[in-house]
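**Q** My questions will all concern the structure given below.
Read the figures in this text as sums done on the coordinates, not as results from a lab. As the structure is a prediction and not an experimental result, all values here were calculated from the model. Because the Cβ atoms are built from the backbone with ideal geometry, glycine has one as well, and the counts that use them run over all protein chains shown.
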Amino acid sequence: MHIDVDQTLRWSGEMTCIRYHEPTGTFLIIAIDSTARGPASGGTRAMTYENVGSAIADARRLAGAMTLKMAAADLPMGGGKSVLALPRPRHQLSADEWKRILHFHAANLELLNGSYTTGPDVGTSSADMDVLGRTTKHVFGRSTAQGGAGSSAEATARGVHASIRAGLAETGRSSLAGTTVLVQGLGAVGARLCELLAEAGAELLVTDVHPERCASAVALGARTVDPGRVTSIECHVFAPCATGGLINSETARTLPVAVVAGAANNVLADAGAAHVLAEREIVYAPDFVANSGGAIHLVGREVLGWTAETVSERTEAIEDTLRTIFADARTRGITTEQAAIDLAHARLAAA
Ligand code: NAD
Ligand code: PPY
């Protein structure tokens, strides 16, 4: 596999820390995209990558999205992300190996001395944050038993639900009742989102590469679909809640939906996809706004001292933020992605 080193190094973020943990063969990458609005923050993603270049690129892209997310949600934080590029899938690591990887990560967070605070992301949980928290205080999302804000999945799901409402309103629908929503990825966020959508009267289509994870949604009346067919299933709303990079200019050309709003980070795989969606009048809720409920929960509770009620109000307000973004995109004839980036950049420029 050829890696374009120049391309890999071309990045305008503030710092990338790359460490190798020899005993387990794990690369640790921490990308700090921006501290303009406050200390950088964003979760720890633990998974396998094809090569280190892909892991660095992923950490940087995700860190950039965190900067936009914090600014769009008007939180006083910058953007960063950690990647633990594992030598084998996490479930194949021994408990001891995983513990050593977390200790290595925690020691490195201490070295960064608060310029970056981590939290949970794909492949890590509140229990892992508790382990990090024994060595460093630069960690969000520890369990409530350990004094943290706990899982952010509930707030993220509520924020996605609010985003779906905003998206449907943009298509002229006033309610979720009778709409069909396809939820991809029935993990912590997707499963809870299904409950909220079912309560609101939506018809559910669900899919997961681990089919057993669809069981709770099926019990609510959801029908399952093949995970390989997600971009060709006709429905009102597509809610990607697995991993990102699913919609490129090609898939956007045929996606048979009216609204895209989900929890996954970096849903759009290339710069042209947002334009194709806009040309086809598909309402796209930019991911870094739609999934900002989790950041609102973690930063709100642990930095700003917000009550659960305030977190809930700010999370529901994602609907208003998106309505403003959609209106701005319509008025200026730009994509909703660009309108959201402009909102975030205006706040960053003012910082
Ligand atoms: P999770 O790991 O609990 O769930 C992800 C689910 O997606 C798993 O059940 C997995 O089997 C499934 N999946 C993976 N690839 C798939 C595919 N190709 N097709 C179908 N299913 C697939 O993660 P989560 O906490 O529910 O988060 C979901 C997404 O939302 C992630 O991309 C995450 O980065 C993003 N996100 C989460 C939060 C949060 O608060 N948890 C906040 C912001 C963004
Ligand atoms: C995300 O929202 O993508 C995250 O990584 C979760 C998060 C949010 C804010 C601080 C730490 C982790």
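**Q** Averaged across orientations, what area in nm² does the convex hull of the alpha carbons in segment 258-351 project? Please report the intermediate quantities before stating the final value.
**A** Values: hull surface 26.6 nm².
Orientation-averaged projected area of the Cα hull: 6.7 nm².
**Q** Quickly rank 304-310, 245-251 as a protection proxy: mean count of other C-beta atoms within 10 Å, highest first. Can you show the working numbers first?
**A** Values: 304-310: 12.1, 245-251: 17.6.
Top of the packing list down: 245-251, 304-310.
**Q** Under 14 Å from a label point 7 Å along Cα→Cβ of Val209: give me every residue in segment 6-48 with its amide N that close.
**A** Hits in segment 6-48 for Val209 at 14 Å: 46-48.
**Q** Quick check on the chain: helices-only [θ] at 222 nm, where DSSP H runs of length 4 and up contribute -39,500 (n - 2.57) each and the sum goes over total residues. Nearest 500, please.
**A** -13000 deg cm²/dmol
**Q** When a/c reaches 1.5 or more, the comparison of a/b and b/c decides; with that in mind, is the chain rounded, prolate or oblate per its Cα gyration tensor?
**A** Details: a/c = 1.45, a/b = 1.37, b/c = 1.06.
It is rounded, given that a/c, with a ≥ b ≥ c, falls under 1.5.
**Q** Further, regarding this structure: Order of 152-161, 226-235, 73-82 by packing, highest average Cβ count within 10 Å first? Kindly include the intermediate steps, with their values, before the conclusion.
**A** On the way: 152-161: 27.0, 226-235: 14.5, 73-82: 24.9.
Ranked by mean Cβ neighbours within 10 Å, highest first: 152-161, 73-82, 226-235.
**Q** Turning to a different aspect of this structure: Lysines near Lys69 by alpha-carbon distance under 19 Å, same-chain residues fewer than 8 away left out - which ones?
**A** Excluding near neighbours in sequence, the set is Lys81.
**Q** Starting from 0.36 nm per residue, how many nanometres of slack lie between Glu309 and Ser94 once their C-alpha separation is accounted for?
**A** Numbers: separation 215, 0.36 × 215 = 77.40 nm, distance 4.00 nm.
Net length gain for the segment: 73.4 nm.
**Q** Can you return the lysines within cross-link range of Lys99? Criterion is Cα-Cα under 18 Å, with same-chain partners fewer than 8 residues away left out.
**A** Correct list for Lys99: Lys137.
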